[in-house]
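Contents: one structure, followed by commentary.
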Amino acid sequence: MFDPFLEELQASIHARGGVPMTLPDGLNECVSKKGNSFVRSWLWKVPGFRRWRVTRLNAGENLQVLNSVAYPEYCNDQPLMGVDLLWFGSRKKLVAVLDFQPLVQSQPYLDRHFEGLKCLQSRFPEFKNAEQMRSFDPNQYFSPWILFCRGGLDQATELLPSVFTSFLDSYWELQSLASKTPSMMPVKEVMKLQTYYDIYSAERDPAHGLFASYFGKAWADRFLKEFLFPASSNHHQSQ
């Protein structure tokens, strides 16, 4: 279901100078004990970003997942990019979350970085359903213009491709503009807020339970701490 989106994302990253990075040992791929599910991940170093991670879970008709988060360099206060696409094949159910994830919720910050995402939400009203989100507080690390959809096969096959491409294009445009404009925040503040993002997400992200159910708790613990949200683990170790 999501392989075309994965290919589009990876090609987009590569075209902009992305270089693959090495993942911690054993985390680039894992196969379930039953052998009917697998997860693969990639880590990229991209100009303007300190890390860009991508994960693809294939559990057949039960579940398909594509997840990606881009962390800008600390000298750039632009939002993180977050993508979560889930397809429950047996139920023909789509859950899609695409957002420019803000470091702060102040109006000047939102005015500076979110015009593009505002336009996308206006273009795709079917993705204007943030009130249906669960597990997360929408007032922290999610924008007021998050693109969110609970839909079916029509939304997955007819609408999502256009949304996904437009979303990526808008984020690359934001990155280009942000790279030409001085950051509103000092480097240490951006570093602190990106670290808090990892801490917040590691405590609430439902992906840990999902990965544990397919690949075991020990592997899922490592995946969460060493790949998905490594700054959360580094923070606790430094205390």
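Read through the list (1) out of contact with any strand residue (DSSP E or B) (no Cβ under 8 Å at 6 or more places or on another chain); (2) closer than 22 Å to PRO161 by Cα, then give the number of the only condition that GLY35 fails. (2) is the only condition that GLY35 fails. Put simply, of ARG40, ARG56 the only residue that is in contact with a Cys (Cβ under 9 Å, 6 or more places away or on another chain) and either more than 28 Å from GLU173 (Cβ to Cβ) or in a strand (DSSP E or B) (or both) is ARG40.
Among the residues of region 91-108, just one is charged (D, E, K, R) and part of a helix (DSSP H, G or I), namely ARG91. Quick check: is even one residue across region 80-98 closer than 26 Å to LYS192 by Cβ, modelled with pLDDT of 95 or more, buried (at least 21 other Cβ atoms within 10 Å of the Cβ) and of a type in the set (D, E, K, R)? Among the residues of region 80-98, not one is closer than 26 Å to LYS192 by Cβ, modelled with pLDDT of 95 or more, buried (at least 21 other Cβ atoms within 10 Å of the Cβ) and of a type in the set (D, E, K, R), which makes the answer no.
Being assigned to a helix (DSSP H, G or I), within 15 Å of the chain's Cα centre (by Cα) and at pLDDT 95 or above is a property that holds for PHE164.
If the condition is being hydrophobic (A, V, I, L, M, F, W, C) and either at pLDDT 95 or above or not in a helix (DSSP H, G or I) (or both), then region 167-198 contributes PHE167, LEU168, TRP172, LEU174, MET184, MET185, VAL187, VAL190, MET191, LEU193. Taking THR55 as the residue in question, decide whether it is hydroxyl-bearing (Ser, Thr, Tyr), farther than 23 Å from TRP145 by Cβ and touching a Ser or Thr at 6+ places or on another chain (Cβ under 7 Å). When the stated conditions are applied, THR55 passes them. Pairs are defined by a Cβ separation below 6 Å, a sequence spacing of at least 6 or placement on different chains, a first member in region 54-78 that is in contact (Cβ under 8 Å) with a residue 24 or more places away in the chain and under 16 Å from SER183 (Cβ atoms), and a second member that is part of a strand (DSSP E or B) and among the aliphatic types (A, V, I, L, M); the pairs so defined are TYR71/LEU80.
Taken over region 178-226, the criterion of being of a type in the set (Ser, Thr, Tyr), buried (at least 16 other Cβ atoms within 10 Å of the Cβ) and closer than 16 Å to PHE38 by Cα is satisfied by TYR214 alone.
The values are calculated or read from the model by the stated rules, or taken from the named source; none is laboratory data. Quick caveat, the model's predicted, so the values are computed rather than measured. Using ideal geometry, Cβ is built from the backbone for each residue, glycine included, and neighbour counts are taken over all protein chains shown.
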